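Following: one structure in structure tokens, then a few remarks.
What follows is calculated from the coordinates using simple rules that are stated; it is not laboratory data. Everything numeric in this text was worked out from a predicted model, so none of it was measured. With ideal geometry, Cβ positions are generated from the backbone for all residues, glycine too; neighbour counts draw on all protein chains shown.
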Amino acid sequence: MPRKIIIDTDPGQDDAVAILLALASPAELEVLSVVTVAGNVPLAHTSVNGRKIVELAGRPDIPVYAGCERPMRRHLITAEHVHGKTGLDGPELPEPTIPLQAQHGVDYLVDTIRASEPGEITLCTLGPLTNVAMALIKAPEIAPKIREIVMMGGAYFEVGNITPAAEFNTYVDAEAADVVLRSGVPVTMAPLDVTHRALCNDIRLERIRALGNKAGNAVAAMLGFSERFDLKKYGWDGAPLHDPCVIAWLLWPEIFVHRKINVTMEISSPLTYGMTVADWWHVTDRPHNVTFLRDLDSDLFYERLTARLATLP
Ligand code: RIB
Ligand code: CA
């Protein structure tokens, strides 16, 4: 029985690859829907991009809902410097033909989880956690029903990418991340500590480009665009591929190194707002609320990701 997932996302080129990987894995994953959130770019763009991506995968049947257009407390901070003005710069993708769903993404999350069996649904979050946090605040009774929240976000040993202390997704809405981490829902976190081990070097990117299908061409164009910022910033031989690590955890958990620890959000300090404070050595008695992904076998990750992309149109 494929695992039922809802993808909450701020596409974003790396979000797009994660969504494509999920849709290329029907034996393991049933993608119920995509819910968009403001993050990399404003909600209007992420909501167009979410629909472009499901249609690129040949899945116009996947409903796309628009969620929150700003964080719970602070003003929205975006990342056009990485993802371009549209958030999906790189490939020329046709405008979406499917409409956005009429229901607000937060209400969709509440209604769908409320109506689900306990443990039936897994939430995969690829952007700021605003939608999921708002759903948990609006309907706390849904928390025990959620099987797992697998989130790309946070950083500890690898430090921050948007401030010296904070990773982008948890920085844009640290209050939302705090609500999720304190919710009691089992959380698996794919922080920069693991995504910075999944570098898309030239050989790996060329293998994706050589697939020759629509998806491979689009992914190569997407990553060829978004990698520029990271290659210049870090000077590595490839740019980190963040969001697909969330889907890879569900597909191939055996390729990851992980530990159950406490992770607590910093939400008040102006200096370290958005930091995920990871108690890696269990020096406190704080609850072990997070499965923290620390490393992965990047060769297997790219080998398997590329093979799945090959199965798409
Ligand atoms: O810090 C990386 C995260 O921020 C990724 O999810 C990327 O898409 C951006 O949202
Ligand atoms: Ca993202």
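I want to check the label-to-label distance for His104 and Lys85. Put each point 7 Å from Cα in the C-beta direction and report it in nm to one decimal.
The answer from the label model is 3.0 nm.
Working from the alpha-carbon coordinates of segment 154-273, get Rg over Rh, Rh being the Kirkwood radius.
Details: Rg = 16.1 Å, Rh = 16.0 Å.
On the Cα set of segment 154-273, Rg over Rh gives 1.01.
May I ask you to derive the relative contact order of the chain, considering only C-alpha pairs under 8 Å and at least 6 residues apart, and to give it as an integer percent? Mind dumping the intermediate values first?
Numbers: 736 pairs, mean separation 62.9, N = 313.
Taking the mean separation of contacting Cα pairs over the length of the chain, I get 20 percent.
Add +1 for every Lys or Arg and -1 for every Asp or Glu among the other residues with Cβ under 14 Å from the Cβ of Pro140, and state the total. Mind dumping the intermediate values first?
Details: positive: Arg114, Lys138, Lys145, Arg182; negative: Glu141.
Surrounding charge for Pro140 is +3.
In Å and on Cα atoms, what radius of gyration and Dmax does segment 1-100 show?
Rg then Dmax for segment 1-100, in Å: 13.1, 41.
Most exposed first by the Cβ proxy, i.e. fewest other Cβ within 10 Å, how do Arg197, Arg182 rank? Could the numbers behind the result be given before it?
Numbers: Arg197 19, Arg182 14.
So the residues, fewest neighbours to most, are Arg182, Arg197.
Which percent, to the nearest 5, of DSSP beta bridges fully inside the chain are antiparallel? Could you put the intermediate results ahead of the total?
Numbers: 13 of 40 bridges.
Of the beta bridges lying entirely in the chain, close to 30 percent run antiparallel.
May I ask you to compute the full-extension gain from His75 to Trp236, defined as 0.36 nm times their residue separation minus their alpha-carbon distance, rounded to one decimal in nm? The partial results should precede the final answer.
Details: separation 161, 0.36 × 161 = 57.96 nm, distance 3.20 nm.
Result: 54.8 nm gained on full extension.
Add -39500 (n - 2.57) for each DSSP H run of 4 or more in the chain, then divide by its residues: what number comes out at 222 nm, to the nearest 500 deg cm²/dmol? Display every interim value, and only then the final one.
On the way: 12 runs with 114 residues, N = 313.
So the helix-based figure for the chain works out to -10500 deg cm²/dmol.
Near Ala174, within a Cβ-to-Cβ distance under 11 Å, what is the net charge of the other residues, with Lys and Arg +1 and Asp and Glu -1?
After counting each charged neighbour, the total is -3.
Using a Förster radius of 22 Å, what is the FRET efficiency between Ala143 and Asp285 based on their Cβ-Cβ separation? Nearest 0.05, please. Walk me through the numbers on the way to the answer.
Values: r = 22 Å, r/R0 = 1.02.
Here the calculated transfer efficiency is 0.50.
Exposure proxy check: Asp10, Asp178, Asp202, Asp243 ranked by fewest other beta carbons within 10 Å?
Numbers: Asp10 33, Asp178 20, Asp202 11, Asp243 30.
By the 10 Å Cβ count, ascending, the order reads Asp202, Asp178, Asp243, Asp10.
Just to compare against my own numbers: the Cα pair-distance distribution for the chain, 10 Å bins, whole % per bin, please.
6, 31, 39, 21, 3, 0
What does a probe at Lys260 reach in segment 278-313, counting residues whose amide N is under 19 Å from the point 7 Å along Cα→Cβ?
Inside the label zone: 278-295.
Peptides 11-24, 100-113: what's the order by average Cβ count within 10 Å, highest mean first?
Numbers: 11-24: 28.3, 100-113: 18.8.
With the highest mean Cβ count within 10 Å placed first, the list reads 11-24, 100-113.
For segment 1-148, what's the relative contact order in percent, using C-alpha pairs closer than 8 Å and at least 6 residues apart? Walk me through the intermediate numbers first.
On the way: 295 pairs, mean separation 42.8, N = 148.
The value is 29 percent.
Distance between Cα centroids, segment 222-260 to segment 131-190: provide it in whole Å.
18 Å
What is the calculated FRET efficiency for Asp297 to Ile203, with r their C-beta to C-beta distance and R₀ = 22 Å, to the nearest 0.05? Don't jump to the answer; show the numbers that get you there.
Working: r = 16 Å, r/R0 = 0.72.
It comes out at approximately 0.90.
Sort 157-163, 300-306, 217-223 by the packing proxy (mean of other Cβ within 10 Å over each peptide's residues), most packed first. The partial results should precede the final answer.
On the way: 157-163: 16.6, 300-306: 19.1, 217-223: 23.0.
So the order, starting with the most tightly packed, is 217-223, 300-306, 157-163.
Excluding Thr272 itself, calculate the net charge of residues whose Cβ lies under 14 Å from the Cβ of Thr272, where each Lys or Arg counts +1 and each Asp or Glu counts -1. Don't jump to the answer; show the numbers that get you there.
Working: positive: none; negative: Glu167, Asp178, Glu266.
Cβ neighbours under 14 Å give a net charge of -3.
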